[in-house]
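To keep things clear, I will list the structure first and then write my remarks on it.
Coordinate-derived values only; no laboratory data. Predicted model only: the values in this text are computed from it and were never measured. Positions of Cβ are generated from backbone atoms using ideal geometry, with glycine treated the same way; all protein chains shown enter the neighbour counts.
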Amino acid sequence: MTDKNNKIPFDEDNYTHNINRTNERKLDRRGFMKTLVGAAGVFALSSLPWGAVAAKELSGLWEKEYPHKKITDVNAIAIGDAVDFTFPGEHDNAILIRLTEHKYVAYQNACTHLRCPVFWEKEEQQMLCPCHHGKFDVATGNPTAGPPRRPLPAIEVKVEKGAVFAVKVKRYEV
Amino acid sequence: MKSKHVYFAALCIILLLNVILTQKMVHQFYFEHYTNTIMLGLLNIVLFPLAILIYKRDRKAEVKDE
């Protein structure tokens, strides 16, 4: 058994080692077709989580009432000024903008292009995303310039007892 | 056109459709159009058995040619 060890090359008897693959392609036509079918399978598999989350949202099981969160006092924010806060979770950044004495708008801060934070420019009175110069209309959250295609999700706010509260994140208008 | 080219082109077209449908599906998801998301996802999933069918036909055609 061991008499062939470390003897290169050894005498072959051609009952074994008789498939010569020196000049053959590693990937032949059949292998490539199998790869294409496998890729179709991977895409099919990858669409399952999206479908599952979409079904969950449709069924309404995920609608959760978050406690109304105090953003700031009415006196603490000037007209034309903005305040950063987080709602509903700690990592969902949001921005509140005071347009007039009684009109407040609030949006989730992640730019709908690639989730860079959107800033409120006080001098120009516009919402600007610095990453790719995307601009949003402050009254509606609709994108007005740059790459974003979807509006910023609006947050419903109410003024009570001298303070501004975040109530809930609004779904996109149908 | 030779049949083996046709089967090859069919599988390539299926892959292209997969990529396009996946992008459309994700866009619809972020626009919160969830019924569209599910429909496009189902189309995507249906393309996989279609690819297997075409592959099997290709195998049969190749065996016949030999």
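Values computed for the structure shown
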{"quantity": "Some residue of the stretch B:54-63 being more than 7 Å from every other protein chain (Cβ to nearest Cβ) and surrounded by 17 or more Cβ atoms within 10 Å (Cβ to Cβ)", "calculated": "yes"}
{"quantity": "Matching residues in the stretch B:13-42 - criterion: being more than 9 Å from chain A (Cβ to nearest Cβ) and closer than 27 Å to residue A:59 by Cβ", "calculated": "B:23, B:24, B:39"}
{"quantity": "Qualifying residue in the stretch A:87-101 (condition: more than 31 Å from the chain's Cα centre (by Cα) and within 30 Å of residue A:155 (Cβ to Cβ))", "calculated": "yes"}
{"quantity": "From A:22, A:35, A:86, residue being more than 11 Å from chain B (Cβ to nearest Cβ) and loosely packed, with under 15 Cβ neighbours inside 10 Å", "calculated": "A:22"}
{"quantity": "Residue within the stretch A:112-122 that is in contact (Cβ under 8 Å) with a residue 40 or more places away in the chain and either surrounded by 18 or more Cβ atoms within 10 Å (Cβ to Cβ) or among the acidic types (Asp, Glu) (or both) present", "calculated": "yes"}
{"quantity": "Within the stretch A:122-174, strands (runs of 3 or more DSSP E) holding 1 or more residues that are among the charged types (D, E, K, R)", "calculated": "A:134-136, A:154-160, A:163-169"}
{"quantity": "Unique match (being closer than 15 Å to residue A:39 by Cβ, more than 8 Å from every other protein chain (Cβ to nearest Cβ), buried (at least 16 other Cβ atoms within 10 Å of the Cβ) and of a type outside the set (Ser, Thr, Tyr)) among B:10, B:51", "calculated": "B:10"}
{"quantity": "Exclusive hit being assigned to a loop (DSSP other than H, G, I, E, B) and in contact with an Asp or Glu (Cβ under 9 Å, 6 or more places away or on another chain), set A:79, A:95", "calculated": "A:79"}
{"quantity": "Qualifying residue in the stretch A:50-63 (condition: in contact with a strand residue (DSSP E or B) (Cβ under 6 Å, 6 or more places away or on another chain) and within 28 Å of residue A:141 (Cβ to Cβ))", "calculated": "no"}
